[in-house]
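Inspection log for the structure reproduced underneath, given as structure tokens.
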Amino acid sequence: MVVFEDGLPKRSDYRRFAIKWTAGPDDVGMMGEVIRRRFTRFLEESEQRNMERKRKFAYSPNLVVIDGGKGQLNRAVEVIDELGLSGITMVSLAKRMEEVFLPGKPEPIVIPRGSESLYLLQQIRDEAHRFAVTYHRQRRAKRMTKSALDGIPGLGPVRRKKLLKAFGSVKRMREASIEELASVSSIPKGVAENLYRSLRGEMTVDTAREQAGPEADEREAS
């Protein structure tokens, strides 16, 4: 969700909504969920305006622009009605022909190309896309980082955090030597070696010993 005020982005009021209730790839359902959560917060916070803490959702926007077609718009309007709200103007902006749909109108409004009105709507839509794409990339990077560092013997959450802080990314860890990995505070050399091997697709020392069995321990001891 992005917010524009006086025609300019108000980034302090942007919000990301991780989908909680809608199952599967249901664009209409997800739009309904986000609208419900945003305006439920509006109802809750509008009752607390006298409190000192600033309430971001305590004011109703002049215009809500839905990214999508009639399906998404109709679901958003249904949710607003279910919440008992009125006086909230909603439109949707379809991608194909930059058509603007209004509630209860079967045909879209086609705003002339080059008009400032269409330019503002496009700005809002494009900024929402940019914000969403950034969020998805961050989540994907986090999943990939977690996956790359999972299951390495001796590497728990605290040590993972220290390594990420020291190197900045899994890519830079992969480029580091065992000694460089072990130079990070609280990372023993054995753990650094396990990490070094794992990031290169090699078998960790602990796993190699497990697969070799007790005979290998006996040979090593002798």
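The values are calculated or read from the model by the stated rules, or taken from the named source; none is laboratory data. None of these values were measured; they are calculated from a predicted model. Cβ sites come from the backbone with ideal geometry, for glycine too, and all protein chains shown count toward neighbours. We work out accessible area using only protein heavy atoms, side chains counted, and drop any ligands, DNA or RNA first. Shrake-Rupley method; radii C 1.70, N 1.55, O 1.52, S 1.80 Å.
Between S46 and K105, what length comes free when the chain is fully extended (0.36 nm per residue of separation minus the Cα-Cα distance, one decimal in nm)? Could you put the intermediate results ahead of the total?
Working: separation 59, 0.36 × 59 = 21.24 nm, distance 3.05 nm.
Value of the extension gain: 18.2 nm.
Starting from the Cα gyration tensor of the range 1-79, take the square roots of the eigenvalues, sort them a ≥ b ≥ c, and report rounded, prolate or oblate (rounded when a/c is under 1.5, otherwise prolate if a/b is larger than b/c, else oblate).
Values: a/c = 1.98, a/b = 1.52, b/c = 1.30.
Prolate.
In whole percent, and with a 1.4 Å probe on the protein chains, what portion of the accessible area of the range 59-202 is carbon and sulfur?
On the way: 4700 of 8930 Å².
The nonpolar share, carbon plus sulfur, comes to 53 percent.
Which order do the peptides 19-25, 190-196, 121-127 take when ranked by the mean count of other beta-carbon atoms within 10 Å per residue, highest first? Don't jump to the answer; show the numbers that get you there.
Numbers: 19-25: 9.3, 190-196: 22.1, 121-127: 16.1.
In descending order of packing, they fall as 190-196, 121-127, 19-25.
Run the paramagnetic zone check for H129: 7 angstrom along Cα to Cβ, then residues of the range 56-96 with backbone nitrogen under 20 Å.
Taking a point 7 Å out along Cα→Cβ of H129, the residues of the range 56-96 whose backbone N falls under 20 Å are 64-73, 91-96.
Between M97 and E116, what length comes free when the chain is fully extended (0.36 nm per residue of separation minus the Cα-Cα distance, one decimal in nm)? Before the final figure, lay out each step's value.
Details: separation 19, 0.36 × 19 = 6.84 nm, distance 1.65 nm.
My answer for the length gained is 5.2 nm.
Provide the per residue accessible area, probe 1.4 Å, for the range 1-133, rounded to a whole number of square angstrom. Provide the component values of the computation, followed by the final result.
Values: 8430 Å² over 133 residues.
Accessible area per residue, the range 1-133: 63 Å².
Between D150 and N62, what is the spin-label point distance in nm, taking each point 7 Å from the Cα along the Cα→C-beta axis?
Once both label points are built, they end up 4.8 nm from each other.
Quick one: accessible surface of D27, probe radius 1.4 Å, all protein chains present, in square angstrom to the nearest 10.
100
Could you tell me which of rounded, prolate or oblate describes the range 12-128, using a ≥ b ≥ c as the square roots of the eigenvalues of the alpha-carbon gyration tensor, with rounded for a/c under 1.5 and, failing that, prolate when a/b is larger than b/c and oblate otherwise? Kindly include the intermediate steps, with their values, before the conclusion.
On the way: a/c = 1.81, a/b = 1.46, b/c = 1.24.
The shape class here is prolate.
So between R137 and D27, what do we pick up on full extension, going 0.36 nm a residue minus the alpha carbon distance?
Details: separation 110, 0.36 × 110 = 39.60 nm, distance 1.93 nm.
That works out to 37.7 nm of additional length.
How would you order 163-175, 104-116 from highest to lowest mean count of nearby Cβ atoms within 10 Å?
Numbers: 163-175: 14.9, 104-116: 10.3.
Averaged packing, sorted descending, gives the order 163-175, 104-116.
If I take R0 = 41 Å and measure r between the Cβ atoms of V3 and V158 in this structure, what FRET efficiency does the formula 1/(1 + (r/R0)^6) give, to the nearest 0.05? Could the numbers behind the result be given before it?
Values: r = 37 Å, r/R0 = 0.90.
Given R0 = 41 Å and the Cβ-Cβ separation, E is 0.65.
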